[in-house]
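To keep things clear, I will list the structure first and then write my remarks on it.
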Amino acid sequence: MELQIKVAQAVHLLNHDTQSCNRVAANQWLVQFQQSDAAWEVATSILTSDHHQQFDSDYEVEFFAAQILKRKIQSEGYYLQSEAKDALLNALLLAARRFSAGPSKQLLTQICLALSTLLLHAVEHGRPIEKLFYSVQNLQSHEGGHIAVLEMLTVLPEVFEDHITNNCKTLTIRYEYEQQLLLHTPMVIEFLLQQSEKRFGGGVQLADTNKKILRCLLSWVRAGCFSEIPAASLPSHPILNFIFNALQVFSSFDLAIEVLVELMSRNEGLPQALLSRIGFLKEVLLLPALNTGDEKVIAGIACLMSEIGQTAPSLILKASPEALILMDALLSCAAFPGEDWEIADSTLQFWSSLAGCILGHDLSGGGDRKNIQEVFLPAYSALLDALLLRAQSFGQVNDSMFNDDGETIDLPDGLVQFRMNLVELLVDICQLLGSAAFAQKIFLGGWVSFNVQVPWKEVEAKLFALNVVAEVVLKEGANLDFSVLIELVTILSNRTSDDLKGLMLMVYKSVADIISSYSKWISAFLTNGRPLLLFLATGISKPFCSNASSCALRKFCEDACAIMHEPSNLEILIWIGEKLEERHFSLEDEEEVVGAITFVVGSVPNKELKNNLLVRLLSPSYEAIGKLVSV
């Protein structure tokens, strides 16, 4: 008893004393104690004795005792004699019963980890799971006993995996252990179903029991023990019915989704079974959540439906009524105007995977092509509208995201990540619809006009999308009307420097990106390069737009060389070069600007004019060169 009190005092000092030297001393003493033989008896007594210490931290002492036993069993369990193992087994069963009805799940988990590890050591050549059921069957007759059994079943696959990894040196032994789990899976399923059919109280207690069953189920699924359920029995399997019932309970919704997603990754027949219930998921769960704005349910259903499609895209390609319901539901999720972009983002991989299947599908048959045109292309057209809407969700972009000079923009991480993930899908959509149809969607609505208020949020998002698909558009040779871009250049050039901040600065940068990506086509479209040059010159002076504008300047100078030889354009280029020293460019941006100017000047056919331009361009460097020579 004296040693037990010392342990309690040391635990109290370790967790609550304000003096660091006392905490260090307590920790050192406890480390030495748990390495001693006396630790077995003291830790067991703490967990099984009804005696309470004088501290308010009984739970901390009990938790420490459970951890001691777990660690000592892991490291020294093989050396325990048979009688000692049996005594410890009975003590742990008593502790599990004692703490199963308590408020501390973590303590019960530690006890069950110790108990499961001991069973592996106690029956090295027997059947641990059978031994487990035999040892704990008396627990079920006690109040809260089913909770202890659930917890032990939950931790058992984890303990099994650790034991196999650390101790099974041959594939044969590993296989035998894994087969024990598979062999007893039906027994576990039967036990879980029995628990799900019972009613242990109501309200919070019932919800907590459901979550424990789901956690146990998830543990066994991750161990690969549910992969052999016959596909034909899946749609009406009692376990699936229980999970779907759990989906309708708010407190167990997330766990139920996690179990279904994990099951799908391990059972090829499950996507078809879930697809047969897609109407239920949409009508009973998704639509009410969309109406009320319940983002938890929307996010969960979006994740689940996306996984169904990704796991078995061939089912979606058949364009069955269930597949169409799933696609329509995911369109609703992608368009949902949530506070962040996670819900829309979670659907992107589904649409990308499906697009990849469509693009790689054999379209030689008329029926296949008809399905593509009548089902999938309209769906992807609607998806593009939804994604452009979500990509322009700047309602949350406010002044706090810009620094004092308005030229540094700190966008929400969710939006930045969403746009990064969106790139591949936008390219897929452009390939599916064709670049001409894609561009038509981008320019639809006449969103640039001098006479009306320009919807700058929409413009910026559409410019982002157009820039992303530039490679596809250029390859397919779609005929774009760049007059819209020139109108934007004119409108933005007429803005004062004070106006070019925040969202307007983002639009400015997006226009520069478009000029860079489509410079060859723009140069063929233009007859006067002066407005574009002045636009880029202003952009270079803005830190946020500097890189995009300098890159666009170089590409435009290379692709529109003939236009750049006009005297007024050469004057602008030299003026830009003369101002380089006054601006603090990054090395990369300076290289782009200097490269653009030297390319144009170097290609001027008139040698005298070329020499004069070079003298003007290099004159600011003469003084510095002279100083270097004099040294």
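The values are calculated or read from the model by the stated rules, or taken from the named source; none is laboratory data. All of these numbers come straight from a predicted model, not from anything done at the bench. Neighbour counts run over all protein chains shown; Cβ positions are idealised from the backbone, glycine included.
Remarks
- Residue match in the range 509-525 (condition: within 23 Å of residue 389 (Cα to Cα), in contact with a Gly (Cβ under 6 Å, 6 or more places away or on another chain) and either of a type in the set (S, T, N, Q) or surrounded by 15 or more Cβ atoms within 10 Å (Cβ to Cβ) (or both)): yes
- Residue match in the range 267-276 (condition: surrounded by fewer than 18 Cβ atoms within 10 Å (Cβ to Cβ), farther than 18 Å from residue 185 by Cβ and at pLDDT below 95): yes
- Helices (runs of 4 or more DSSP H) wholly inside the range 138-211 containing at least 2 residues that are within 20 Å of residue 108 (Cα to Cα), at pLDDT 70 or above and assigned by TED's automatic domain parsing to the domain that holds residue 93: 145-167
- Residue count, the range 221-267 (criterion: of a type outside the set (A, V, I, L, M, F, W, C) and closer than 16 Å to residue 284 by Cβ): 4
- The range 463-501, residues that are closer than 22 Å to residue 542 by Cβ, within 34 Å of the chain's Cα centre (by Cα) and not hydrophobic (A, V, I, L, M, F, W, C): 467, 501
- Scanning the range 85-136 for residues that are modelled with pLDDT under 85, in a helix (DSSP H, G or I) and touching a Lys or Arg at 6+ places or on another chain (Cβ under 6 Å) yields 119, 122.
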